[in-house]
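See below for the structure under consideration.
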Amino acid sequence: MTAHPTDAVLAADQQLQPPLYAKRGIALVRGEGVWLWDSEGRRYLDLMSNYGVNILGHAHPRVTAAIVEQAGRLLNCHQSFANDTRAAFLEQLLAIAPAGLRRVFLSNSGTEAVEAALKFAWAVTGRRKIVAARRGYHGRTLGALAATAEKKYRDPFIGLLAEAEHVPFGDRDALAAAVDTATAAVILEPIQGEGGIFPAPPGYLAAAREITRQAGALLIFDEVQTGFRTGAWFACQHDGVSPDLLCLAKGLANGVPIGATLMTEEIASCLPSGVHGSTFGGNPLACAAGLATLQTLHDEGWIAHSADIGAYFLEQLQQLRHPLVRAVRGRGLMIGVELKLRATPVLRAMQESGVLALPATTTTLRFLPPLLLTREQVDMAVDVFAHALDVAQD
Ligand SMILES: *Cc1c(COP(=O)(O)O)cnc(C)c1O
């Protein structure tokens, strides 16, 4: 398939970029549905979907057709011009949005969706302080990084970051104590992803809604990872709580870069022209992919399927009762397994057996599969996982 032999591909990947990523040692060259193939022709069951991006799997025919059609017509269209595909996508996205969210700012990644939400909160409230959660992850640009908790990511840039206070996730009293009339916004993931798959305890999101309302602060839900994969369109809908600003990215266009910041009419009306923008944001190619993704999720019932298959997956993992498993957590197809050992050797053994998953912190193994997963594939994955634990134990 590829013009380069595998060794040359792996070498270029390692040697022509700064060493920022822990490499998995294979080159992926093709995908179809829940399957991926490497440059040696080996097949893998994809339970990571590129950190949750390929929500409908790889080379989905409806998404591919939409991309091809749009690429042959108009790739780019600056936001100073209207566009038919963008209009259709915005209508579709707002039709499924949590109550009260009426306008969308489009960008190109998760961190940009968060960056926009924070800038809007600062601009609209005139306040400075951000309150975020420990273990929270919101991205790597400087605004989003201020909200991100992990010291490893923050420490090299500490003097450059906006004012943020990190409170224990799930603790209403700590949140109430941190939020005051200097607080511009509280930003939370309804289920913490990178931090190890921690769902918000019942009532916590509603409490955050009430606490921010009372202080005149805005509530931002970062659903960059949870969007479309927890058995609802958005994880906050399980709790019936709507934020003032909602950040989306990963699964939204099935792999084409996109970010979206949804907001209330009230926030939109307070944003002066020119206060924020993006050259590529809202380009018709990404909008075409996003529209096809949302339509396919809707028409083919994948959200309901993900609730069923996710519950089955969680149950099978819990029933393993493996001595090396400390806890199994998650909702829908966003599942974490906290281990009593490091996740890396287990991930390596699974990869060797043809199943790709992810870490979330050093000891939690994370599954973010495409929603297309079947029960047979879950059974295969759980068998491979159990075997990998036994191998890692030896
Ligand atoms: C991945 C992620 C981001 C950052 O998205 P990028 O596209 O990598 O910039 C932000 N928030 C959450 C919750 C994420 O999972």
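The values are calculated or read from the model by the stated rules, or taken from the named source; none is laboratory data. Bear in mind that the values here come from a model prediction, so they are computed numbers and not experimental data. Counting neighbours? That spans all protein chains shown, and the Cβs are built from the backbone with ideal geometry, glycine included.
Here are a few things to note about the model shown:
- Qualifying residue in the range 266-283 (condition: within 14 Å of the ligand (Cβ to nearest atom), crowded, with 21+ Cβ neighbours inside 10 Å and either among the hydrophobic types (A, V, I, L, M, F, W, C) or not in a loop (DSSP other than H, G, I, E, B) (or both)): no
- Condition met for Ala146 (touching a helix residue (DSSP H, G or I) at 6+ places or on another chain (Cβ under 7 Å), at pLDDT 95 or above and hydrophobic (A, V, I, L, M, F, W, C)): no
- Matching helices (runs of 4 or more DSSP H) fully within the range 131-184 where at least 3 residues are away from the ligand (no atom under 16 Å from the Cβ): 172-178
- Flag for Glu115 being within 16 Å of the ligand (Cβ to nearest atom) and surrounded by fewer than 24 Cβ atoms within 10 Å (Cβ to Cβ): no
Condition check ((1) assigned to a loop (DSSP other than H, G, I, E, B); (2) surrounded by fewer than 18 Cβ atoms within 10 Å (Cβ to Cβ); (3) over 24 Å from the mean Cα position of the chain (by Cα)) across all residues:
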site	(1), (2), (3)
Arg24	yes, yes, no
Glu32	no, yes, no
Tyr44	no, no, no
Ile67	no, no, no
Leu75	yes, yes, yes
Glu91	no, yes, no
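- Flag for Gly290 being within 16 Å of the ligand (Cβ to nearest atom), under 24 Å from Gly193 (Cα atoms), of a type outside the set (S, T, N, Q) and not in a loop (DSSP other than H, G, I, E, B): yes
- Answer from Gly240, Gly227 - the residue that is within 16 Å of the ligand (Cβ to nearest atom), assigned to a loop (DSSP other than H, G, I, E, B) and free of Cβ contacts under 8 Å to residues at least 60 places away in the same chain: Gly227
- Options Val186, Val167: the member that is in contact (Cβ under 8 Å) with a residue 40 or more places away in the chain and of a type in the set (A, V, I, L, M, F, W, C): Val186
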